[in-house]
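The structure appears right after this line, and notes come after that.
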Amino acid sequence: YAYDFVLSFVTMQEVTATSRHYVDRLFDPDPQNVLQGVIDMKNAVIGNNRQKANLIVLGAVPRLLYLLQQSSSSLELRTECAVVLGSLAMGTENNIKSLVDCHIIPALLQGLLCSDLIFIEACLRCLRTVFISPVTPVQLLYTDPTVIPHLMSLLSLSQHTQEYITQIFAHCCKTPEHQTVLFNHGAIQNIAPLLISPSYKVRMQALKCFSVLAYENAQVSMTLVNVLVDGEQLSQVFVRMMQRDKPIEMQLTAAKCLTYMCRAGAIRTDDNCIVLKTLPCLVRMCSKERLLEERVEGAETLAYLMEPDIELQRIASVTDHLVSMLADYFKYPSSVSAITDIKRLDHDLKHAHELRQAAFKLYASLGSNDEDIRKKITETENMMDRIVSGLSESSIKVRLAAVRCLHSLSRSVQQLRTSFHDHAVWKPLMKLLQNAPDEVLVMASSTLCNLLLEFSPSKEPILESGVIELLCSLTQSDSPALRVNGIWALMNMAFQADQKVKVEIVQALGTEQLFRLLSDPDTNVLMKTLGLLRNLLSTRPDMSSHGKQIMQAVTLILEGEHSIEVKEQTLCILANIADGNTAKELIMTNDDMLQKIKYYMGHSNVKLQLAATFCISNLIWNEEDGSQERQDKLREMGFVDILHKLTQASDPNLCDRAKKAMQQYLA
Amino acid sequence: MQCNICSVLSKMAELGAGSLLTGDPAFNYQEHELNERLKRLYPAVNEEETPLPRSWSPKDKYSYIGLSQNNLRVHYKGHGKNHKDAASVRATHPIPAACGIYYFEVKIVSKGRDGYMGIGLSAQGVNMNRLPGWDKHSYGYHGDDGHSFCSSGTGQPYGPTFTTGDVIGCCVNLINNTCFYTKNGHTLSFCPCLSFQPNLYPTVGLQTPGEIVDANFGQQPFVFDIEDYMSEWRAKIHSMIARFPIGERLGDWQAVLQNMVSSYLVHHGYCATAMTFARATETMIQEDQTSIKNRQRIQKLVLAGRVGEAIDATQQLYPGLLEHDPNLLFMLKCRQFVEMVNGTDSEVRCFSARSPKSQDSYPGSPNLSPRHGATNAHLHNTGADSPTCSNGVTPTNKNKSHNKYTGVSSASSSPSSSPSSVNYSESNSTDSTKSQPHSATSNQETSDSEMEIEAEHYSNGVTESSTRIMNGTYKHQEILQADDNSVDDSCSSRQLCGGNQAATERMIQFGRELQALSEQLCRQYGKNATHKKMLQDAFSLLAYSDPWNCPVGQQLDPMQREAICSALNSAILESQNLPKQPPLMLALGQATECVQLMAKVRSGSCSFARVDNFLH
């Protein structure tokens, strides 16, 4: 053991010594010796990561950069320097970091201004290697505004410049701002002709550029559909690249381009190039024959493509047995690979999470609208078990995708009643809600809303698990989506619930929070809060505790600038109040409120008229105590005339409601 | 005269009416489309052996099935009470294995009462009073439940249901023996049927009144992009071939390939090329150079029609060879006789005080093509149905006069003439020096341009051996000179034995000798039908005043020399203990044969592994 150590120590020493020699030669006063030194260094570092690291440690990089930038250096020397730097960049990520720290990027970009093609190509090759590394901040490409236009102008020089530049663009276009910069500098016009380049690498990188440019970008996508390449529409060029005899990488990337263009609204979802070409191509990418990476990308892209379109979901669901094909995504690492081949096992393990989350995403997208498809998914082997275990996986990506899938399936009444209950999905869901990042919380709470619907058999056990506190805390979140989901779930929970539950909700939420939610800037939150109130006040509410505050809130909303829906909901609350014994008095003694009801009975919107009439109808209902007095008072206030008028209304519901109210007077 | 015109006109009218009767233009167009598409989709299928399905069979159907629209539309005409009223129809032919991948589509015109429709495949003889899939050797995808039936009365959940307006496709992959269906251009994944019988027929079945479906066997573009699917398999098979593992034996392979090339060059006597190749690849050539050159010279003589000289040379260089192979000798002598008739063999050529014209028409030249030019005259008479006749007589005349010059000029301007004549003189044998002065003197009597032609004749005949490449140039020449020849035909040229009396006598004498040889062989080895036929054919030439335009005139075609030339070459090689066939041709032939065999044993990949695809 000790011997080994000594040996490796000696080798290390030797390497350092030779490395130092290489660096020393860079400082030779004779330029010819320097050039020879650089060439020797080039040959020494190829494929030798330790040598590369040594040279970097010994400070070769700043000297190489100096020589590269020096206009007194010969072109040959400058080129060789760029080549060596490119070779150093091919090493480890640490190498790249060191190079970037030495400001290699501005130096190489400066080098591109030279007129010598060989030198430019060497610089670009090195820049490419640096930029495609995940440790390089892409922003460095955009700091100098003259760089992008200059790169565009270099595209015409050679196939090599085309390949390197498009590869840089494809890797460094990460945000909408990047897309805009590239778009504004004519990326589309400059890169489109490269799609029919004789070089496969150039075609491929150009294609990748378009996929990153078009992603969620309507401006780029709209422009792309009108581009002609050699007289052919770009979408047709992409379709050709999806032909089955083309390399998989090319098919997949072309399918991405068309997917993004479609999602950005530039291509209709019923266009043949989507329905008959892109969709089948992406389904093929999910097949067992493809590499794991390809299957992941294929499934994710397909999920994205069909998310908003039920027709595409229906077609995909019957294409190539996609639903059962996806079940295979959960079988990694397979038992076979574990026994036979460690390398394979490692590979499988690495991709297992990615595969699972991609499958969940695709299932979520497939089942987002169609009941039959949801049924098919839940009937897939072990599907619910897989979702349940996915909810508690360590990888956030998998948990998020699993809960998205669960959410999509939870839109089915039938599934809520059957498989969801059978597999007690609420348990892991509740656990997920305890401590999760916001994006997971949004999905999980939204799913919970559906699980709390009154027909859901999971509602009971969830209630018993003490969910109210949790939901109330969600209503205090900074995220509007979480506030909506929290209050929405409470609303669903309160629907036709026991008085006990209602009291629990009111107590847990607190009137203060309730009123805060009633003045929430988000209309959705307001609506759901009103919905909650309405549910709380249904079935003869006892208003002794919070009656006054509630009446205040109702007045406030009816007087404020709100949408018809909000006001309708508020009038419904009032109608519910009017149904309660003691609560009736709260309205009857409030002339202001009665005037408002009268106003809404004569409103131009039928929904509001209906809700207001409903309210009056409750007040004058015969069988209850004091109905006579209330009838009299309201007659005095002119409600009978209004009701009479409403019996002539064109809307049958309103007419009917008014007649029923009038009958109370006649009886 | 008027009458004549009248009758011609009326005849033409009849012809016109006839063509009108057959010609529903839409149908013809569809037929054309179908042929084109089938040829494109299934290039490996030999329709003479295994015809492709093109319609439903009016014979192979249950009585409840009605056919219309060229037997492409199927409708149900039974009671449709229950499954006992089911009815099917098969296509006219089974799917040939050489398709590799076969596809057809059916459009549901009407789902009728209940839409109990099945689309699929079945073998010959399967009960037609059933839907496809219910019985053994029968497979089907059913519209009412979307199930797939694989030789069983109970189906398995497979795909969506289908109904009026849907287009259902059925694809059979004979490479991996799978099948899948499509609906409106979308694949529905592989059918669970595990194995397929050979010789399945496209089949549809219907069961309730009002059900109507239309088949598309290629009459129209398919909704599903089958060509794209095929391209994937073509690429797969090509890459399988390209990536065929050769492992450790890379060096061996290289040696084999080099040997293939080298032996091919040597076989055909491309001496200089073979030497250069050997030098570049640092390989050895088995045969020595003189031997290659000798063979080359003999081949050149045969191809030039100078068979007598070729026989002499063979006997001199390879004594005993022909004596041991009397069949070959007889074949050579027969050919020599033919060449005498032709006027090319040196035994008759030495007699002819040849006129420039006769030399110009020198039939020994491979430039002279098959008979096309000569049959022109017939075309004028018979040609009402031939597209060429529409040009009438005048343009042909124009061609003639024009070609008289082009014929000459093309020859003199041909770049191949000089290098090839050098090539000829390169082979320095006694035989050629014997003939060389002769042709030179005769050339001197002619004009310059004629001489060039002579040179040209030699060059083509001599330098290029019996390969395809030669045929290529050959046709080119033919176009330029065909009419030229036909003009001369009518004049003094192309006379028996070059029109020389002495030569004719020599020929007749030779014929007697040949007859004697035949009889001798007959006594020695017994009767030989092939010999008899050969001799008969050769002698028949004399029975016609214009042997070139007679039913057996084909023999005079210089192309006919190629077979005997390669037979002689092979015999020489065999006598030297060398392979009589170049390994390259052997390998090529074997590969071609293998692919054909694959089609016969129903291995579908043959359709994407055609030898043609790899020859450039």
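The values are calculated or read from the model by the stated rules, or taken from the named source; none is laboratory data. In this text the structure is predicted, and so the values were computed from the model without any measurement. Cβ coordinates were reconstructed from backbone atoms using ideal geometry, including for glycine residues, and neighbour counts include every protein chain displayed.
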Q: Test each condition in (1) more than 18 Å from residue B:187 (Cα to Cα); (2) within 14 Å of another protein chain (Cβ to nearest Cβ); (3) buried (at least 20 other Cβ atoms within 10 Å of the Cβ) for residue A:279 and report the one that comes out false.
A: (1)
Q: Go through the range B:173-186 and count every residue that is within 11 Å of chain A (Cβ to nearest Cβ) and touching a residue at least 40 places away in the same chain (Cβ under 8 Å).
A: 3
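Could you please give the count of residues in the range A:150-195 that are outside any helix (DSSP H, G or I), under 26 Å from the mean Cα position of the chain (by Cα) and surrounded by 15 or more Cβ atoms within 10 Å (Cβ to Cβ)?
Adding up the residues that qualify gives 1.
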**Q.** Residue that is modelled with the lowest pLDDT, among those in the range A:268-312 that are over 15 Å from residue A:243 (Cα atoms) and among the basic types (Lys, Arg)
**A.** A:288
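Using the structure shown, decide if residue B:267 is in contact with a helix residue (DSSP H, G or I) (Cβ under 8 Å, 6 or more places away or on another chain), touching a residue at least 12 places away in the same chain (Cβ under 8 Å) and within 14 Å of another protein chain (Cβ to nearest Cβ). Give the derivation first.
Working: in contact with a helix residue (DSSP H, G or I) (Cβ under 8 Å, 6 or more places away or on another chain): yes; touching a residue at least 12 places away in the same chain (Cβ under 8 Å): yes; within 14 Å of another protein chain (Cβ to nearest Cβ): no.
When the stated conditions are applied, residue B:267 does not pass them.
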Q: Please work out which one of (1) in contact (Cβ under 8 Å) with a residue 40 or more places away in the chain; (2) within 14 Å of another protein chain (Cβ to nearest Cβ) is the condition residue A:321 fails and give its number.
A: (1)
**Q.** Looking only at the range B:187-207, and only at residues there that are in contact (Cβ under 8 Å) with a residue 60 or more places away in the chain and in contact with a helix residue (DSSP H, G or I) (Cβ under 8 Å, 6 or more places away or on another chain), the one that is farthest from the other protein chains (Cβ to nearest Cβ)
**A.** B:198
**Q.** Pairs with Cβ under 9 Å, 6+ apart, first in the range B:228-244 and closer than 10 Å to residue B:101 by Cβ, second among the hydrophobic types (A, V, I, L, M, F, W, C) and assigned to a helix (DSSP H, G or I)
**A.** B:230/B:41; B:230/B:608; B:233/B:608; B:234/B:608
Q: Return a yes/no flag: does the range A:617-624 have any residue that is at pLDDT below 80, in a loop (DSSP other than H, G, I, E, B) and surrounded by 22 or more Cβ atoms within 10 Å (Cβ to Cβ).
A: yes
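Given the criterion of a type in the set (Val, Ile, Thr), closer than 29 Å to residue B:186 by Cβ, within 14 Å of another protein chain (Cβ to nearest Cβ) and surrounded by fewer than 19 Cβ atoms within 10 Å (Cβ to Cβ), identify the matching residue among A:248, A:274.
A:248
Looking at A:222, A:261, can you tell me which residue is away from chain B (no Cβ under 14 Å) and either in a loop (DSSP other than H, G, I, E, B) or buried (at least 23 other Cβ atoms within 10 Å of the Cβ) (or both)?
A:261
Kindly indicate whether residue A:387 is in a helix (DSSP H, G or I) and within 14 Å of chain B (Cβ to nearest Cβ).
no
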Q: Please state which of the following conditions residue B:331 fails to meet, knowing it meets all the rest: (1) more than 20 Å from residue B:506 (Cα to Cα); (2) surrounded by fewer than 21 Cβ atoms within 10 Å (Cβ to Cβ); (3) aliphatic (A, V, I, L, M).
A: (1)
Q: Could you check, for the range B:253-262, whether at least one of its residues is touching a Leu at 6+ places or on another chain (Cβ under 9 Å), under 24 Å from residue B:62 (Cβ atoms) and touching a residue at least 40 places away in the same chain (Cβ under 8 Å)?
A: no
Q. Which is among the aliphatic types (A, V, I, L, M) and over 23 Å from residue B:50 (Cα atoms), of B:86, B:123, B:91, B:97?
A. B:86
Q: Check whether at least one residue in the range B:157-166 is within 14 Å of another protein chain (Cβ to nearest Cβ), within 37 Å of the chain's Cα centre (by Cα) and part of a strand (DSSP E or B), and report yes or no.
A: no
Q. Restricting attention to the range A:207-216, does a residue exist that is of a type outside the set (Gly, Ala, Ser), closer than 18 Å to residue A:267 by Cα, surrounded by fewer than 19 Cβ atoms within 10 Å (Cβ to Cβ) and modelled with pLDDT of 95 or more?
A. yes
Q. Among the numbered criteria (1) within 14 Å of chain B (Cβ to nearest Cβ); (2) surrounded by fewer than 24 Cβ atoms within 10 Å (Cβ to Cβ); (3) part of a helix (DSSP H, G or I), which single criterion is violated by residue A:290?
A. (3)
Q: Name every residue in the range B:503-522 that is farther than 14 Å from residue B:334 by Cβ and buried (at least 17 other Cβ atoms within 10 Å of the Cβ), in order of residue number.
A: B:503, B:504, B:506
(Q) Give me the residue from the range B:208-233 that is within 14 Å of chain A (Cβ to nearest Cβ) and among the charged types (D, E, K, R) and, out of that set, farthest from residue B:117 (Cα to Cα). (A) B:232
